[in-house]
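Engineer: One structure follows; several queries about it will come next.
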Amino acid sequence: MNYYVMTLFPEMIEQGMNTSIIGRAMAKGLISLETVNIRDFSVTGNGRIDDYPYGGGAGMVMQPEPVYRAYESLVSRIGSRPRLIYLTPQGRVFDQSMAEELAKEENLIFLCGHYEGIDERVLEEIATDYVSIGDYVLTGGELPSMVMMDSISRMVPGVLSNQESGQYESFQDGLLEYPHYSRPELWHEKQAPPVLLSGHHGNVDRWRRNQSILRTLRRRPELLQNGEYDKKDRKFIQSLLHDEYEEKITEEEKRILAKLLAI
Ligand code: 6GU
């Protein structure tokens, strides 16, 4: 996977991407990163790349020509026109399925805006995707591009040391992940769940699946509709509905569970 980031703050991207798992993947050659400083393509001679908005109003707008020149210089070096993702709070909200889809690309260009945004006309010519990382406003696209590159990189084969670790994490099956425990067996008077120490893999898997369902119900109930529920899942959901499980289930939670069984 080759990432190209067009930005006014290339050092921010480079510093953020050289650490931890992503840094190791870059050292291994599984991922590469090139930043393009849009300011290097200023057309005014004084390094300016922004101007006042037509029609007035607050803030500045990034001019189309420096962005366009930075883009054309980049794609001529790449030798193709990869997908170009413009980071904007007005985009489609990034999620795991988008990360999986983008991980299949060989090259990706991220365009980071600042100030009030980028002149619409150049976006119309070069952007293929408009992506937001959530419903809140940030000062620029740099952090969102790094968030996206981090989660896309995890999906690139060889990046995670142990393929297992990618398999059972939150969202892999549409539900939240089950809780984790390690030594000591007793900590602050809390016992690790005995089933996890039983050595019975079937029971461990069943317990974890049940905990995933329960945790999703408690913390992100709206995600439950994304899951698929087999016979054993349904049996567990029934046991929750009938208060046959150790945890207390509220009436609202029961309403959600009953709806699930109808799927
Ligand atoms: Cl992609 N950009 C900015 N500036 N703010 C955001 C965002 C992106 N996603 C959420 N908030």
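The values are calculated or read from the model by the stated rules, or taken from the named source; none is laboratory data. Predicted model only: the values in this text are computed from it and were never measured. All Cβ positions, even for glycine, are placed from backbone atoms using ideal geometry, and neighbour counts span all protein chains on display. Surface areas here come from the heavy atoms of the whole protein model, side chains and all, with no ligands, DNA or RNA. Shrake-Rupley method; radii C 1.70, N 1.55, O 1.52, S 1.80 Å.
Engineer: Just a yes or no: is a residue in the range 51-60 in contact with a helix residue (DSSP H, G or I) (Cβ under 8 Å, 6 or more places away or on another chain), within 16 Å of the ligand (Cβ to nearest atom) and either open to solvent by less than 40 Å² (accessible area, probe 1.4 Å) or among the hydroxyl-bearing types (Ser, Thr, Tyr) (or both)? Lay out the reasoning, then the answer.
Structural biologist: Taking the range 51-60 first, the residues in contact with a helix residue (DSSP H, G or I) (Cβ under 8 Å, 6 or more places away or on another chain) are none.
No: the range 51-60 contains no residue that is in contact with a helix residue (DSSP H, G or I) (Cβ under 8 Å, 6 or more places away or on another chain), within 16 Å of the ligand (Cβ to nearest atom) and either open to solvent by less than 40 Å² (accessible area, probe 1.4 Å) or among the hydroxyl-bearing types (Ser, Thr, Tyr) (or both).
Engineer: If you don't mind, there's one more thing I want to ask. Against the condition open to solvent by less than 70 Å² (accessible area, probe 1.4 Å) and either within 16 Å of the ligand (Cβ to nearest atom) or in a helix (DSSP H, G or I) (or both), how does Gly23 come out, does it pass?
Structural biologist: Numbers: open to solvent by less than 70 Å² (accessible area, probe 1.4 Å): yes; either within 16 Å of the ligand (Cβ to nearest atom) or in a helix (DSSP H, G or I) (or both): yes.
Criteria met by Gly23.
Engineer: Same structure again: Going by the conditions given, is Ser198 surrounded by fewer than 13 Cβ atoms within 10 Å (Cβ to Cβ), of a type in the set (Ser, Thr, Tyr) and either free of Cβ contacts under 8 Å to residues at least 40 places away in the same chain or touching an Asp or Glu at 6+ places or on another chain (Cβ under 9 Å) (or both)? Even if it seems obvious, please write down each step before you answer.
Structural biologist: Details: surrounded by fewer than 13 Cβ atoms within 10 Å (Cβ to Cβ): yes; of a type in the set (Ser, Thr, Tyr): yes; either free of Cβ contacts under 8 Å to residues at least 40 places away in the same chain or touching an Asp or Glu at 6+ places or on another chain (Cβ under 9 Å) (or both): yes.
Answer is yes for this residue.
Engineer: Among the residues of the range 107-144, write down those that are outside any helix (DSSP H, G or I) and more than 9 Å from the ligand (Cβ to nearest atom). Write out each step before concluding.
Structural biologist: Going residue by residue through the range 107-144, those that are outside any helix (DSSP H, G or I) are 107-119, 127-141.
Those that are outside any helix (DSSP H, G or I) and more than 9 Å from the ligand (Cβ to nearest atom): Asn107, Leu108, Ile109, Phe110, Leu111, Tyr115, Glu116, Ile118, Asp119, Ala127, Thr128, Asp129.
Engineer: Check the range 61-80 and report whether any residue there is under 28 Å from Asp173 (Cβ atoms) and either within 11 Å of the ligand (Cβ to nearest atom) or in contact with a Ser or Thr (Cβ under 8 Å, 6 or more places away or on another chain) (or both). Step through it out loud before you land on a result.
Structural biologist: Keep residues of the range 61-80 that are under 28 Å from Asp173 (Cβ atoms), which gives none.
No: the range 61-80 contains no residue that is under 28 Å from Asp173 (Cβ atoms) and either within 11 Å of the ligand (Cβ to nearest atom) or in contact with a Ser or Thr (Cβ under 8 Å, 6 or more places away or on another chain) (or both).
Engineer: Show the residue pairs that are 6+ apart or on different chains and have beta-carbon atoms under 7 Å apart, the first residue being within the range 41-66 and within 16 Å of Tyr115 (Cα to Cα), the second being part of a helix (DSSP H, G or I) and of a type in the set (A, V, I, L, M).
Structural biologist: From residues that are within 16 Å of Tyr115 (Cα to Cα), the pairs are Ile49/Ile38; Pro64/Val122; Pro66/Ile38.
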